[in-house]
Amino acid sequence: MILAWLFRCNIVIIFHRYQGNMAKYLTLLRHGEAEPAHGFKGDFSRNLSDNGKYRLNRLGAILKERAMFFDISYVSSAQRTQETADIIDNYLSITNKEIKKDLYLADVDIIFDTLRTVSDEINQVILIGHNPGISGALAMLTNDFQINMTPGMMAILELHADSWEVGINRGMGTLKEVIQ
């Protein structure tokens, strides 16, 4: 806080310098390429394809080289998203991992509800999920509706708030990087 005294007017003006926490970073990762589905029940249990595993291992190596880290990961309970998380976990240190049933085929509202509950002490979050919700979340946060996340695609966003509740709203994010 900086105080300035204006002698002529006998007024004290208080300038408040923003002293919030560091920026919040959200990484959205669509699960890797999966094997073909066999009906709705089969969709939930689909495994990653060999190509999907290969591409995620390449992505993991890039993340490790950059020394990226996450305070917490939120992962859909579907088999392919859990496999995606396991591969990424081999390359990074993630403090906490939460498998969430409601992230399976979640829409934007469910994704946003999940992220708004993150403690403000946490600054780096990765969410591993499905389309169309994950692409929709990226579009809403950045106001960029041109990006469709393909399997194994990662988008890194900086949120313009020091609170997850405030930052997880339309137009509050800047797309920093896409890695595929």
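Annotations
- Reachable aspartates and glutamates, given that their alpha-carbon falls under 13 Å from the alpha-carbon of Lys24 and they are not under 8 places away in the same chain: Asp71, Asp120, Glu121, Glu158, Asp162, Glu165
- The phi-based Karplus calculation (6.51 cos²θ - 1.76 cosθ + 1.60; θ = phi - 60°) puts the 3J(HN,Hα) values of segment 46-52 at 5, 8, 5, 6, 4, 5, x Hz, whole numbers, x for Gly and Pro.
- In sequence order, calculated HN-Hα J values of segment 67-84 (Karplus, 6.51, -1.76, 1.60; Hz; x Gly/Pro): 6, 6, 8, 9, 6, 8, 10, 10, 10, 4, 7, 5, 4, 5, 6, 5, 5, 4
- Full-extension gain in nm, Ile122 to Asn148, via 0.36 nm per residue minus C-alpha separation: 6.6 nm
- Database remark: amide H of Asn47 closer than 5 angstrom to the amide H of Glu35 (H placed geometrically; neighbours at sequence offset of 5 or more, or on other chains; Pro and chain starts carry no H).
- The phi torsions of segment 169-180, fed into the Karplus equation with coefficients 6.51, -1.76 and 1.60 and a -60° offset, translate into couplings of 8, 3, x, 8, x, 10, 6, 8, 6, 10, 10, 9 Hz, rounded to whole numbers, with Gly and Pro shown as x.
- Reachable lysines from Lys53, criterion Cα separation under 24 angstrom, eight or more residues apart if same chain: Lys41, Lys64, Lys97, Lys100, Lys101
- The chain, Rg to Rh (Cα coordinates; Rh as Kirkwood inverse mean 1/r): 1.13
- DSSP beta bridges in the chain [antiparallel fraction, %, rounded to 5]: 55 percent
- Ellipticity estimate at 222 nm from DSSP helix runs (n ≥ 4, -39,500 (n - 2.57)) divided over the chain, nearest 500: -9000 deg cm²/dmol
- For segment 116-180, the list of GluC sites (Glu not before Pro) that fall in a loop by DSSP and count at most 11 other C-beta atoms within 10 angstrom reads Glu121.
- Listed residues Met140, Met22 arranged by accessible area, highest first, probe 1.4 Å: Met22, Met140
- Potential lengthening between Thr95 and Ala37 on full extension [0.36 nm per residue; Cα-Cα distance subtracted]: 17.7 nm
- Distance cut-off 21 Å, percentage of C-alpha pairs in segment 78-180 lying past it: 31 percent
- Summed side-chain charge close to Asn123 - residues other than Asn123 whose Cβ falls under 13 Å, Lys, Arg +1, Asp, Glu -1: -4
- Spin-label model, Asp102/Ala67: points 7 Å from Cα along the beta carbon direction are separated by 3.7 nm.
The values are calculated or read from the model by the stated rules, or taken from the named source; none is laboratory data. Since the model is a prediction, treat every value here as computed from it, not as a measurement. Don't worry about glycine lacking a Cβ; one is built from the backbone with ideal geometry, like all the others, and counts go over all protein chains shown. What goes into the accessible areas is simple: the full protein's heavy atoms, side chains included, and nothing from ligands, DNA or RNA. Shrake-Rupley method; radii C 1.70, N 1.55, O 1.52, S 1.80 Å.
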